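Input: a single structure, listed below in structure tokens.
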Number of protein chains: 4
Amino acid sequence: MRPHRLFPSEAELETLFDELSNAGRWGAEDELGTLNYISPAKRVAAASLVRTGKALSIARDLDTKQSSNNPSPVRHTMCYQAHEPIGAVDELALGTHGFALTHLDAIAHVYRGRDVYNGRKAADVANPGGLTCCDILAQKDGIFTRGVLLNIAAVRGVPWMGPDQGVYAADLEAAEKLQRIRVGTGDAIFVYTGLQKREAVEGPENLGQRIGIMPDAIRWMHQREISVYSGDCVDAFPNPYGPRYSIYFHAIALAAMGLILLDIPALEPLVELCVDLQRSDFLLAMAPLRIKGGTGSPVNPIAIF
Amino acid sequence: MRPHRLFPSEAELETLFDELSNAGRWGAEDELGTLNYISPAKRVAAASLVRTGKALSIARDLDTKQSSNNPSPVRHTMCYQAHEPIGAVDELALGTHGFALTHLDAIAHVYRGRDVYNGRKAADVANPGGLTCCDILAQKDGIFTRGVLLNIAAVRGVPWMGPDQGVYAADLEAAEKLQRIRVGTGDAIFVYTGLQKREAVEGPENLGQRIGIMPDAIRWMHQREISVYSGDCVDAFPNPYGPRYSIYFHAIALAAMGLILLDIPALEPLVELCVDLQRSDFLLAMAPLRIKGGTGSPVNPIAIF
Amino acid sequence: MRPHRLFPSEAELETLFDELSNAGRWGAEDELGTLNYISPAKRVAAASLVRTGKALSIARDLDTKQSSNNPSPVRHTMCYQAHEPIGAVDELALGTHGFALTHLDAIAHVYRGRDVYNGRKAADVANPGGLTCCDILAQKDGIFTRGVLLNIAAVRGVPWMGPDQGVYAADLEAAEKLQRIRVGTGDAIFVYTGLQKREAVEGPENLGQRIGIMPDAIRWMHQREISVYSGDCVDAFPNPYGPRYSIYFHAIALAAMGLILLDIPALEPLVELCVDLQRSDFLLAMAPLRIKGGTGSPVNPIAIF
Amino acid sequence: MRPHRLFPSEAELETLFDELSNAGRWGAEDELGTLNYISPAKRVAAASLVRTGKALSIARDLDTKQSSNNPSPVRHTMCYQAHEPIGAVDELALGTHGFALTHLDAIAHVYRGRDVYNGRKAADVANPGGLTCCDILAQKDGIFTRGVLLNIAAVRGVPWMGPDQGVYAADLEAAEKLQRIRVGTGDAIFVYTGLQKREAVEGPENLGQRIGIMPDAIRWMHQREISVYSGDCVDAFPNPYGPRYSIYFHAIALAAMGLILLDIPALEPLVELCVDLQRSDFLLAMAPLRIKGGTGSPVNPIAIF
């Protein structure tokens, strides 16, 4: 594979980590990270985006099928109630992360080395009973803000981008230009590279060969003060980094910026609806389950247009 | 205990079931029930209720403590990643109903005898792999509508109502009058009787001695065309009915009306915020997990004012 | 497929059920069924079979891979203990039956219609909290008796028998003759038809096309007063019976006889060792987990020669 | 509390660890540890202990009640099969260790620092998918040997010993003398201090105040070449050791000796039966579930007299 991606050195990432750090920005006790960008006024403005009343889920179905990208599938059990039941109840067992589940990350989900967001240390934050801070419960009042789709596949003029590609700051700006929109403070962005279209043709993404967000795009997200990153690409693989930055985007987003990550969204229907309505922005409403100490939560984000 | 509650006969409930039935109203294939009352225009109107930008969760924390009201508590497990982990992940096991979890019911969650909403039969709808229709996945695009708090404790002039009480249509109308608000088509109502205040003083609710919604209040909900019922009371216990109507409110709401039920909300902070803001209505945004075949889903509903 | 199997009519099964019933045989309260055949003297005699001291597991590994025969695989989770752990712990989630797990059935696991062993009724025995009697806990003191391998594939002179075959009483007696052994009161028998050899060549058994124990062989088991049936074949499929006898062997063994069933054993290593040692009998030692109300239990039976 | 227990220094434990190490004793690849002491001849001899044919479980019931000693209780779920079911099936979710479950430890369950039995390192042995060696599957062919009860409470002349007590080598030898028995190579010992009697009176054991095996008793176990330790006391708490030896008995038994530990047995019925039969030894038969990579397994050990 030709070198399609140019990675900065790990030393440069160390510098970037410090540059993008929001430690202390919202106080020593802060556990909200970039959700602080979503002010009450931002919520009011976001609500005003609801003009057609069309609502759309951007989650995948919980996946009970085992696969290379879903080694420990969701377990769904229908329960016995009575010999002549008057209703039906069930149970779920599931992991809160992975490559099959649409989920929100708690800010303390990923470390940089042993560093957790806002000057905390992993050994203090993680214990067998759960995270002691920066857990998913910190996000309990939900995320209600403007969502913006950025279609990088369209920028590149392809139905989908290959696994050896990267998304750069220039791509994000090109998408803004093409779509005549500008990402601003408190927005949640959804970066689309056509992954699910690619998987429909080429099969499940090889987890060792993944298209990814490039480091300069992380700086762009910091400068634009986005509240949430979502997209069909996250960390690029392979990459040249050791364990400290092996998942460099998660490490810098979560541990430096406190940037909320919404992993594994279902973007195809969103892209289609944006095309239909000739819009790129919408109201995003979602909330994690209230899991005290939780490292993440399955979620069903709704886009309302 | 004096007879505080007057229940109609089971024969009268049979008549009420037929009277309130929405079978066929939205087509033979309908699985949305009263969510059909939430039109796109209703969503637009609901969004316009966001005036202060204040957001509030109305869910309880997932409860990992065992109790008489939570016999099978949520299991939360932190997972091993590596001897020197770069992050934290976890797993959940939980039932989707019960008296401890804030959850949405699938329409086929409760039957009337063997009858399921819209002319279906339980034996066809429930199988070991899940519900074949009227499952929680039918609600995947979420619920985004006007929420209205109806404070019945305030109507009665008490901090909380006792376990031998019932909520009648007249109570709901008295609350409307007191609060100067009117419930209309597509609204989600939240009926408050002060249960959590009572439990704080008297201990966990005895599941055999429960305050409840009275049958004439169900008719009122039908007439007002509400989309969602939520509240700190549901079926009254004890009641005089056999298995066909032992949980008569669930049976009529789900199996006749297709009325969506949001069980076990956390109403105390909502009541406080409504008092603070001198409002009774708000935007309600929530969405179930996308569980194909699921009988319900844990959910974290957000009220935005 | 040619009619390789001759099934008696369902009416004949009704008669057989009554003929083989052990209801009342060991008292109205009995929950042990054919384990009553294992007397203390039988245990002493069984222990004397230990002559070489060779021990062998006859269980399969718990199976975490999903397949047509294992739709809801075992979930095995390694748990987080500390940032610098001093050990490793884990969790399991599993179903106690199915076609992938070596397990013991509780006597009340299968009904004949609504009839459970010893005159009980399913609606009384099964409740959401578990079985109220004839549960797996009844077998808590374990099974310690003589095991006898009966190699039906050898009787037929084939490496494995096809899915359209049945095992008849005559096969069992032919195996006794060939192996110069006689099955007696309290023995546990292991019937071998070469299934795992077949699966290694032809792939996983089609659950709708299964080799099975024929009804006359069940009568033979009753007459011989065996305590436990195990084998690589159970109920034949397809068969001509309605729901009352759709799994006729389970229904008659459990609900009429109280015959303990050890499902899904791993017989290949046992067959090999029997050949090596030129023996057909051995000491069998196993015990279910003590699951109050349980319908079955994973188990790891040990054969000691 | 007066100093009832005299602990050697941590430096002395380091020396003891090396002294008792069985690393290399049974080859560089060994994963059986002290199960190597159970020779075929030992199994034959153990079988000859079966003289009355009386069998007894020495496990506790799986515990679905939450308590200070059982924070994450077993989850037992009855499953829906059909509207008119022909049987009952269920599911289990459980942790494989803790203070409520009778379980076998895998040899790699506990480390000394980062050291695992037989020269291995924790970072190599533990991964998210399970243990790569010295897992519970190594014990798959079960444990079939002589069991010996050592009643230390009787030695001390008390119904139960207090939480500030320790069991020393001298206690074990005094029990041998009192009971006129001698522990030898390959035996499994069951040390009884009356804990369950104490708990019946004083309530659940405080996990921070635990009676324990003293280090010189570990040396005695090594010298006597026992195969399995079980008992109602394990590591003494509080103790003066840092993380390397905070659970010094587990650390030395598992990581140095490869001594198999059977935790949380139910000893009261065993003690009673031994008194009744005027015996202290019996055949012990048990086998873990075949969990590849597992750190332990629930087990139901059977004593046969």
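The values are calculated or read from the model by the stated rules, or taken from the named source; none is laboratory data. All values reported here derive from a predicted model rather than from experimental measurement. Here the Cβ positions follow ideal geometry from the backbone for every residue, glycine too, while neighbour counts run over all protein chains shown. Accessible surface is based on the protein model in full, side chains and every heavy atom, while ligands, DNA and RNA are left aside. Shrake-Rupley method; radii C 1.70, N 1.55, O 1.52, S 1.80 Å.
Please give the per residue accessible area of chain D, computed with a probe of 1.4 Å over protein heavy atoms only, in Å².
Heavy-atom accessible area per residue stands at 34 Å².
Dipole size in debye (nearest 20) for the protein assembly as shown around its Cα centre, Lys and Arg Cβ +1, Asp and Glu Cβ -1?
0
Quick one: 3J(HN,Hα) in Hz for region C:153-161, Karplus 6.51/-1.76/1.60 with θ = phi - 60°, rounded, Gly and Pro as x.
So the Karplus estimates, Gly and Pro as x, are 4, 5, 4, 7, x, 10, x, 8, 9 Hz.
By its C-alpha gyration tensor, with a ≥ b ≥ c as the square roots of the eigenvalues, how is region A:26-133 shaped: rounded for a/c under 1.5, else prolate for a/b larger than b/c, else oblate?
oblate
Run through the other copies and list how far each one's label point is from that of A:Gly24, in nm with one decimal, shortest first; the point sits 7 Å from Cα along Cα-Cβ.
5.4, 7.2, 8.7
Treating only the Cβ atoms of Lys and Arg (+1) and Asp and Glu (-1) as charged, compute the dipole magnitude of region B:1-57 about its Cα centre; round to the nearest 20 debye. Spell out each step's value before the answer.
Working: 7 positive and 8 negative charges, 158 e Å.
Dipole about the Cα centre, nearest 20: 760 debye.
Can you give me the long-range amide H partners of D:Glu84? Hydrogens built in the peptide plane at 1.01 Å from N, cutoff under 5 Å, separation of 5 or more residues or another chain.
Here the answer is none, since no amide H 5 or more places off falls under 5 Å of that of D:Glu84.
Can you tell me which of D:Ser227, D:Ser57, D:Ser72 moves the most in a GNM of chain D? Springs connect C-alpha atoms under 10 Å apart.
Comparing D:Ser227, D:Ser57, D:Ser72 in a Gaussian network model of chain D, the most mobile one is D:Ser72.
Roughly how large is the C-D contact in terms of buried accessible area, totalled over both chains, probe 1.4 Å, nearest 100 Å²?
5000
Counting only protein heavy atoms and using a 1.4 Å probe, what share of the accessible area of region B:6-48 belongs to carbon plus sulfur, as a whole percent?
56
Can you list the residues in region C:130-149 whose accessible area drops by at least 50 Å² when all protein chains are present, compared with the chain alone? Use a 1.4 Å probe, heavy atoms only.
Buried on complex formation: C:Asp141, C:Phe144.
State the percentage of accessible surface on region B:119-241 attributable to carbon and sulfur atoms; use a 1.4 Å probe and exclude ligands, DNA and RNA.
Exposed carbon and sulfur together represent 51 percent of the surface.
Pop the C-beta distance of C:Arg182 and A:Glu84 into the FRET formula with R0 = 56 Å and round what comes out to the nearest 0.05.
0.75
Any residues in region D:259-296 that have 40 Å² or more less accessible area with all protein chains than in their chain alone, probe 1.4 Å, and which are they?
Going by heavy-atom accessible area, the residues of region D:259-296 that drop by at least 40 Å² are D:Leu289, D:Arg290, D:Ile291, D:Thr295.
List the residues of region C:197-217 whose backbone N lies under 18 Å from a point placed 7 Å from the Cα of C:Lys65 along the Cα-to-Cβ direction.
It comes to C:197-207, nothing else.
At 7 angstrom along the Cα-to-beta-carbon line, where would the label on D:Gln278 sit relative to the other copies? Give the distances in nm, shortest first.
For D:Gln278, the inter-copy label distances come out at 4.4, 9.2, 10.2 nm.
Within region D:232-249, whose backbone N sits under 18 Å from a point 7 Å along Cα→Cβ of D:Gln209?
Correct set: D:233-240.
Between their Cα atoms, which of A:Lys197/B:Lys292; D:Lys177/D:Lys197; A:Lys292/D:Lys121 are more than 27 Å away from each other?
Over 27 Å Cα-Cα: A:Lys292/D:Lys121.
If you rotate chain C onto chain A, whose Cβ in C ends up lying nearest the axis, and how many Å away is it?
Spelled out, residue of C and its Cβ distance from the axis onto A: C:Gln66, 2.
Give me the number: length gained by fully extending A:Thr52 to A:Gln278, i.e. 0.36 nm times residue separation minus the C-alpha to C-alpha distance, one decimal in nm.
80.2 nm
Using modelled amide H (1.01 Å from N, peptide plane; none on Pro or chain starts), what sits under 5 Å from the amide H of D:Gly147, excluding residues fewer than 5 places away?
D:Ala188, D:Phe282, D:Leu283, D:Leu284
Enumerate the amide H contacts of B:Val167 below 5 Å, restricted to partners 5 or more residues apart or on another chain; note that Pro and chain-start residues carry no placed amide H.
B:Gly212, B:Ile213, B:Met214
Apply the Karplus parameterisation 6.51 cos²θ - 1.76 cosθ + 1.60, with θ equal to phi minus 60°, to every residue of region D:180-197 and state each ³J(HN,Hα) to the nearest whole Hz, in sequence, with x for glycine and proline.
6, 8, 10, 6, x, 4, x, 5, 9, 9, 10, 8, 10, 10, x, 4, 5, 4
Of A:Glu202, A:Glu268, which has the most accessible area and how do the rest follow, probe 1.4 Å?
Result, largest first: A:Glu202, A:Glu268.
Using the 7 Å Cα-to-Cβ label point, sort the distances from B:Val158 to its equivalents in the other copies shortest first and give them in nm to one decimal.
Shortest to longest, the spacings are 5.5, 6.9, 7.5 nm.
Assigning unit charges at the beta carbon (Lys, Arg +1; Asp, Glu -1) and nothing else, what dipole magnitude in debye, to the nearest 20, does region D:23-93 show about its Cα centre? Walk me through the intermediate numbers first.
Working: 8 positive and 8 negative charges, 115 e Å.
The dipole of region D:23-93 has a size of about 560 debye.
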